[in-house]
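What follows is a short report on a single structure.
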Amino acid sequence: MAWTYRFAMLLVVLLLVSTLSPVSSNGNDYFHCESIVRNWADYSSESGIREDKSTLKDLLFFLHVPRTGGRTYFHCFLRKLYTSVQECPRSYDKLRFDPSKPNCRLMVTHDDYSLMSKLPKDRTSVVTILRNPIDRVFSTYEFSVEVAARFLVHPNLTSATQMSGRLRPKTRGVSTLDIWPWKYLVPWMREDLFIRRDARKLGKLRELSETHDPYNMEDMVMPLHKFINDPLAHEIIHNGATFQVAGLTNNSCLAESHEVRHCVKKHPELGHFVLDVAKGRLDHMLYIGLTEDHKKSATMFAKMVGAQVLSQSEALNSNMEWEVSNITELSSAFPDPETDGSKQVQHSTNSQQAGKVPSSSDVVPAKENMTVGKLMEAYEACISTLRKTQANRRTMSLKRIAPANFSKEARLFVPETVLQQILSLNNLDVELYKHAQEIFMQQQKHLTQTAQDNFMQHQGQLMAEGEQQKNMHGISYGCSPWKIALLAVAVVLVLVLVLLVVSTRRRTSKLKV
């Protein structure tokens, strides 16, 4: 009986241990993760004295969050402000900064904020554009399908994969498949499209049914509700803007990023640490744009960033011309007997590495005599052409998965439950976007106040110039106000005397008669 009792108690103890162990383990894991995330946040927070963030520094880092319209800014703004010589190597090219080109002035990439660890932070200004999280997820899904559908011209998946692998090394160009996050999302979607096409050929899928929701055509393409719940979407897409600004994507330059990201995804309540860091970094950026407020954002970019780039280029160009002129005079006065003139001019990279001043041709802006007004005109023309090209390409791609045809109107047929799930999965991005909207309003107020101050200053200058001209006019003719008054009195007296003389003569003549 005693043995039976002891055995029963032993079973109870073992049962308690087995049930309590996971709790203890999970508790230890949470505290371990909290320590990791908190330490990272303390190290990454933007602390200390804030510098004047509204002033453009030597290097402009455009942190391009995917599907926010940043590519348009790159082609239609930045490539009209900077020359190819000024662009840092490998913008959008395998997303790894190449430090072999010193003193470059423009870096545009999908790389996350961790790239700042390779850039001179005290000489770098950061800009970015954010988008409503629901629209960004829609656009990510649509673009992944659009690019993957282009491969359906091939007879099978093997052929498509081999062809894409051969084309890139041959052309030495930058393919979408080289760029994060598309290098993960497009192959995944491409494989899925081929699987569905093969299933249709074998009659394994039901016939296409009449539907008004192209985001739920399972026979043709992965439905949106499955796309957002896939582990790859959780890894790359959801809260993607927050993780990118925080420097914690799976493309991060920081070794600890994977562990921090893993802890936050495992314990979502730790996400506020990442959100706070991302908000702090937005606060320190030179410019924040909003995809939804396209026109205002573009105008603001031209005034806040473009104007300073143009001013900076003018000053740099003038300075470089002066320095090159001095170097030319010195070299002509003290010629090197071992080299002729043709070997004295080096390529800008080599010159900089050798500690020499590059030629002025390396630093001039893309277009001379460019103004903010002309920049906006060029931008509008460029974006119109770019949109037409993108629309044509999109139409051709989506024909291969007809009748699935994505559009803003078609998004209205997506069930509310799916939209709410997207919001829930992107809760950090929702809060970051709200913060970006507040910054955007502050930027507008700053520009308005600056414009008013400049107007008042201009009016003051005009008044001062007018007063100065009046004074100069008075000095040149010796006519101060009191002198003018005396002159008027003298004129009146003279007229009175003349009248008296005339009147006296008339009277005298009458008497004689």
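Details
- Note on the stretch 407-467: with neighbouring protein chains present and a 1.4 Å probe, carbon and sulfur make up 59 percent of its accessible heavy-atom surface.
- Net lengthening on full extension, residue 417/residue 218 (0.36 nm per residue, minus Cα-Cα): 69.8 nm
- The slack between residue 497 and residue 393, meaning 0.36 nm per residue of separation minus the straight C-alpha distance, is 27.9 nm.
- Relative packing of peptides 228-235, 56-63, 189-196 - highest average C-beta neighbours within 10 Å first: 56-63, 189-196, 228-235
- Estimated at 0.36 nm per residue, the fully extended path between residue 53 and residue 183 surpasses their Cα-Cα distance by 43.4 nm.
- Of the peptides 304-314, 390-400, 238-248, the order by per-residue mean of other Cβ atoms within 10 Å, starting with the highest, comes out as 238-248, 304-314, 390-400.
The values are calculated or read from the model by the stated rules, or taken from the named source; none is laboratory data. None of the values given here were measured: they were computed from a predicted structure. Here the Cβ is made from the backbone with ideal geometry for all residues, glycine too, and neighbour counts use every protein chain on show. These accessible areas exclude ligands, DNA and RNA; they are computed on the full protein's heavy atoms, side chains included. Shrake-Rupley method; radii C 1.70, N 1.55, O 1.52, S 1.80 Å.
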